[in-house]
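First the structure, in the form of structure tokens, and then the observations on it.
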Amino acid sequence: MKMRIIKGKNYDEMSRMAADVVAAQILLKPNCVLGLATGGSPLGLYKSLIARHNAGELDFAAVRSINLDEYKGLGAESDQSYRYFMNKNLFSHVNIKTENTFVPNGLEEDGDKECARYDALMADMGGTDLQLLGIGHNGHIGFNEPADAFSTGTHCVALAESTIKANTRFFASEADVPRFAYTMGTSGIMHAKTVLLIASGKEKAEIIKKAFTGPVTPQVPASILQLHPNVIFAGDEEALSLL
Ligand code: GLP
């Protein structure tokens, strides 16, 4: 593993520093493929990218993006879907072409069909240049939950109880959180040329320590990043406090 650590004093500083990495990737390769993530962690980074775009510093005209995951059963119109999140928090504020942005189709009921389509799409795009990742409290990446074996391709997962609880904050009630999701698998994530993991807050410190200093195990899906040759970890002081 080659891991570089970027340490911000707090969430805002960490977000700006992580945005520097994404901005550099776009400047170096204007038609790069960005693997994008949802959740609270990348929000500040997206804000920072939008500010740079508004300042005329960042051009998304040729950028393509492919997202990690989507709730099964939710479509673009649902304000809890990840497609909606991406439109609202990034795509609608920059000049990326909508047809160059990809998120699994949560409304496709045939899981095998949707997962095969997504893997073919990813292969077509040549994989991602830079994959953004958050990390769940149980070590999940995308929606790859702790399991007996590492996943490979895009698949449909039953969300862990702890993930449903953690994501309830975005829904009216726990009962409204979808129980299934489509997620890029471990191989899709691991084939990225560079992985940019972002985590903040002391509630992430323990899992960060486990993922990067503990054994590589499917029980901690993020631990597989120890085998990736090029990981950049952007954290704030609290998330990094146990490393
Ligand atoms: C969600 C997403 C993940 C995300 C994680 C952490 O379940 N599917 O891609 O990384 O939770 O979210 P947060 O950044 O809000 O802590």
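Since every read-out is calculated from the coordinates, none of them should be taken as a lab result. Being a predicted model, the structure only gives us computed values, none of them experimental. Don't worry about glycine lacking a Cβ; one is built from the backbone with ideal geometry, like all the others, and counts go over all protein chains shown.
Results, tabulated for the structure shown:
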{"item": "Longest DSSP-loop-exposure-free segment, GluC sites (Glu not before Pro), the chain, at most 14 other Cβ within 10 Å", "result": "110-243"}
{"item": "Pairs from K7/K210; K165/K209; K9/K209; K7/K209; K9/K47 whose Cα-Cα separation, in the structure shown, is over 20 Å", "result": "K165/K209"}
{"item": "Rg(Cα)/(2.2 N^0.38 Å) for the chain, N = residue count", "result": "0.93"}
{"item": "Cα-centred dipole magnitude for the range 153-243, charges only on beta-carbon of K, R (+1) and D, E (-1), debye, nearest 20", "result": "220 debye"}
{"item": "Low-density loop positions, trypsin sites (Lys or Arg not before Pro), the range 156-243 - DSSP coil, at most 15 other Cβ in 10 Å", "result": "R179"}
{"item": "Chain lengthening between N54 and D176 when straightened (0.36 nm per residue, less Cα-Cα)", "result": "40.3 nm"}
{"item": "Mean projected area (nm²) of the alpha-carbon convex hull when the range 1-85 is viewed from all directions", "result": "7.1 nm²"}
{"item": "The range 125-200, Cα convex hull volume normalised per residue, Å³", "result": "102 Å³"}
{"item": "Cα pair distances of the range 29-159 binned at 5 Å [whole percent]", "result": "2, 10, 19, 24, 21, 14, 7, 3, 1, 0"}
{"item": "Neighbourhood charge, 11 Å Cβ-Cβ cut-off, centred on H228 and excluding it, Lys, Arg +1 and Asp, Glu -1", "result": "+2"}
{"item": "Packing-based exposure ordering (other Cβ within 10 Å, fewest first) of C115, C156", "result": "C156, C115"}
{"item": "Largest-first principal axis extents, alpha carbons of the range 182-233, Å", "result": "29, 25, 20"}
{"item": "Qualifying trypsin sites (Lys or Arg not before Pro) for the range 42-128 [loop in DSSP, other Cβ within 10 Å: at most 13]", "result": "K97"}
{"item": "Anisotropy class of the range 74-217 from Cα gyration tensor, a/c 1.5 cut", "result": "rounded"}
{"item": "The chain: most fluctuating residue of G126, G56, G153 per GNM, C-alpha cutoff 10 Å", "result": "G56"}
